[in-house]
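K.L.:
Below you'll find the structure I mean.
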Amino acid sequence: IANNTNAQAFYQFVTEPTGCFEFSRTDGTVIPESSVNVDIRFKARIPGNFYRRIFVLVKNQGPLYLDLTATAYHQNQDQVPRPLPLFQKHVDNYWRRQLQEGTEHALAVNDSENMSDPVAAIWNEFFLDDTDRRRQICVQE
């Protein structure tokens, strides 16, 4: 999480403590002109595709979110076949269908004031190369 401002940034990930995505930290403070790394570990108990939308709250900012996707499988594929891969395009199609059906949750996410914010749009590309600058969470003034 990068704080490119000259004020402290207080953040919190809204997540489940016993979920398959484990966070090294779920809240904290980023001092001005600094950054903090948050490691996310995937631990599945059963084979399958997993998806979770994690909201990120930053004090005095609009809500942001991460779309996390992962696939778990057994080493011995003779017993249990490997699931088909789950990609961001599948998640995008799911949300598009939810919007078309007019579900309450999808409409609330779509109406977010952050939809036009380029930083918020970056979250759809969460699994990027470590050197890609778009991986950073930036606090805007």
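A quick yes/no check of all residues on (1) of a type in the set (Lys, Arg); (2) under 24 Å from Tyr94 (Cα atoms):
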| residue | (1), (2) |
| --- | --- |
| Asn4 | no, no |
| Gln12 | no, no |
| Cys20 | no, yes |
| Arg25 | yes, no |
| Val38 | no, no |
| Pro47 | no, yes |
| Arg53 | yes, yes |
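K.L.:
Within region 55-67, track down each residue that is farther than 19 Å from Trp95 by Cβ and among the charged types (D, E, K, R).
P.N.:
Once the filter is applied, which keeps residues that are farther than 19 Å from Trp95 by Cβ and among the charged types (D, E, K, R), region 55-67 yields only Lys59.
K.L.:
Further, regarding this structure: State the number of residues belonging to region 37-59 that are within 16 Å of the chain's Cα centre (by Cα), open to solvent by less than 90 Å² (accessible area, probe 1.4 Å) and not aromatic (Phe, Trp, Tyr).
P.N.:
Result for region 37-59: 8.
K.L.:
Which residue is most open to solvent (accessible area, probe 1.4 Å), if the candidates are limited to region 60-90 and must be free of Cβ contacts under 8 Å to residues at least 12 places away in the same chain and among the charged types (D, E, K, R)?
P.N.:
Residue satisfying both the conditions and the ranking: Asp78.
K.L.:
Of the conditions (1) assigned to a helix (DSSP H, G or I); (2) within 15 Å of the chain's Cα centre (by Cα); (3) at pLDDT below 50, Leu128 satisfies every one except a single condition; which number is it?
P.N.:
Looking at each condition in turn, Leu128 falls short on (1).
K.L.:
If you don't mind, there's one more thing I want to ask. Between a residue in region 26-42 that is at positive phi and any residue that is part of a loop (DSSP other than H, G, I, E, B) and open to solvent by less than 100 Å² (accessible area, probe 1.4 Å), which pairs come within a Cβ distance under 9 Å, given they are 6 or more apart or on different chains?
P.N.:
Final answer for the pair search is Gly28/Ile1; Gly28/Val36; Gly28/Val38; Glu33/Asn4; Glu33/Thr5.
The values are calculated or read from the model by the stated rules, or taken from the named source; none is laboratory data. Note that the coordinates shown come from a computational prediction; the quantities given were computed from them, not determined experimentally. For neighbour counting, all protein chains shown are included, and Cβ atoms are generated from backbone atoms with ideal geometry for every residue, glycine included. What goes into the accessible areas is simple: the full protein's heavy atoms, side chains included, and nothing from ligands, DNA or RNA. Shrake-Rupley method; radii C 1.70, N 1.55, O 1.52, S 1.80 Å.
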